[in-house]
């Protein structure tokens, strides 16, 4: 019991010393928390998503989630209602902050939508180029610190792996294609971040290894194949990893936020002035 109380009291102190006062998130449906703040379509989970949990841990003054479900890394979206807007490049172009950017942490989570389906004909190189261009725009606007995700490959979403879902008939045939795309992207984005940091000193970019971390997170769950949505069961802790064929349970999001929080404290907080 003494150890538990120590954890409860220490974590807020770490959060207060992280150095960031504002958090802004750009991305797709894995980050979308709904339209309440004027951005996004809806929350694709059964509760909070990772930006909200992370904001709580960091104790930032403001959370600005600019993510839109279905977003590509370019200007548009895979949805027919947003073909030429809501993508990452559109998000960062529209971003104008009224807060102090030297104390703002930006996080970019994008790429899955571009790469998972051969019908879109988007290469990993194109996605990396879009992300780097987005980071250049953010740097020009005054962002000093940004985290970029790579793409998690394990576990693959149930749309690819579970034959009870309508999308399985199509996506199961494309699983090798998708994995190859993701693997190439993960290699390219790693190199691109290193080169970006070497070429300029205004903004520091940190690569968060979503593939490694989310693979580790998955071992905490009993079921990483089926989905919770429409199951009619109570969302028992440690049971479902996936909310639907594509998206995480809120418990999974909480784990993700905790991993990013640890990453920030280990890699970034000491560099904030």
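The values are calculated or read from the model by the stated rules, or taken from the named source; none is laboratory data. It should be emphasised that the depicted structure is a prediction, and the values quoted were computed from it without experimental measurement. No Cβ is skipped: glycine too gets one built from the backbone with ideal geometry, and neighbour counts run over all protein chains shown.
Out of 122, 110, I need the residue that is buried (at least 18 other Cβ atoms within 10 Å of the Cβ) and within 21 Å of residue 263 (Cβ to Cβ). Which one?
Sole residue among the options that is buried (at least 18 other Cβ atoms within 10 Å of the Cβ) and within 21 Å of residue 263 (Cβ to Cβ): 110.
Is it the case that some residue within the stretch 194-210 is in contact (Cβ under 8 Å) with a residue 40 or more places away in the chain, crowded, with 21+ Cβ neighbours inside 10 Å, more than 23 Å from residue 136 (Cα to Cα) and touching a strand residue (DSSP E or B) at 6+ places or on another chain (Cβ under 6 Å)?
no
List the pairs whose first member sits in the stretch 107-127 and is on the phi > 0 side of the Ramachandran plot and modelled with pLDDT of 95 or more, whose second member is crowded, with 16+ Cβ neighbours inside 10 Å and not in a helix (DSSP H, G or I), and whose Cβ atoms are under 7 Å apart, counting only residues at least 6 apart or on separate chains?
Note: pairs meeting the criteria are 111/73; 111/151.
Restricting the first residue to the stretch 231-243 and requiring it to be more than 17 Å from residue 157 (Cα to Cα), which pairs with a second residue that is outside any loop (DSSP other than H, G, I, E, B) meet a Cβ separation below 7 Å and a spacing of at least six or different chains?
Filtered contacts from the stretch 231-243: 237/251.
Can you tell me which residue within the stretch 80-93, out of those that are touching a strand residue (DSSP E or B) at 6+ places or on another chain (Cβ under 9 Å) and over 10 Å from residue 28 (Cα atoms), is surrounded by the fewest Cβ atoms within 10 Å (Cβ to Cβ)?
Among those residues, the one meeting the criterion is 84.
Return a yes/no flag: does the stretch 238-259 have any residue that is surrounded by fewer than 16 Cβ atoms within 10 Å (Cβ to Cβ) and within 19 Å of residue 145 (Cβ to Cβ).
no
Give the stretch 165-191 a look and list any residue that's over 16 Å from residue 130 (Cα atoms) and either touching a strand residue (DSSP E or B) at 6+ places or on another chain (Cβ under 6 Å) or touching a residue at least 12 places away in the same chain (Cβ under 8 Å) (or both), or say none.
165, 167, 171, 172, 174, 175, 177, 178, 179, 183, listed by residue number.
Which residues, taken from the stretch 45-69, are within 13 Å of the chain's Cα centre (by Cα) and either outside any strand (DSSP E or B) or free of Cβ contacts under 8 Å to residues at least 12 places away in the same chain (or both)?
49, 50, 51, 52, 53, 54, 66, 67, 68, 69 - these are the residues of the stretch 45-69 that are within 13 Å of the chain's Cα centre (by Cα) and either outside any strand (DSSP E or B) or free of Cβ contacts under 8 Å to residues at least 12 places away in the same chain (or both).
When you scan the stretch 226-241, do you find a residue that is modelled with pLDDT of 95 or more, part of a loop (DSSP other than H, G, I, E, B), within 15 Å of the chain's Cα centre (by Cα) and more than 24 Å from residue 171 (Cβ to Cβ), even just one?
No, the conditions are met nowhere in the stretch 226-241.
So which helices (runs of 4 or more DSSP H) are wholly in the stretch 109-207 and hold at least 3 residues that are farther than 20 Å from residue 89 by Cα?
Hits in the stretch 109-207: 158-161, 168-171, 175-199.
With the requirement that a residue be surrounded by fewer than 21 Cβ atoms within 10 Å (Cβ to Cβ) and over 30 Å from residue 96 (Cα atoms), what does the stretch 141-158 give you?
Of everything in the stretch 141-158, those that are surrounded by fewer than 21 Cβ atoms within 10 Å (Cβ to Cβ) and over 30 Å from residue 96 (Cα atoms) turn out to be 153, 154, 155, 156.
How many of the residues in the stretch 84-106 are without any contact (Cβ under 8 Å) to a residue 12 or more places away in the chain and farther than 28 Å from residue 211 by Cα?
Total meeting the criteria: 2.
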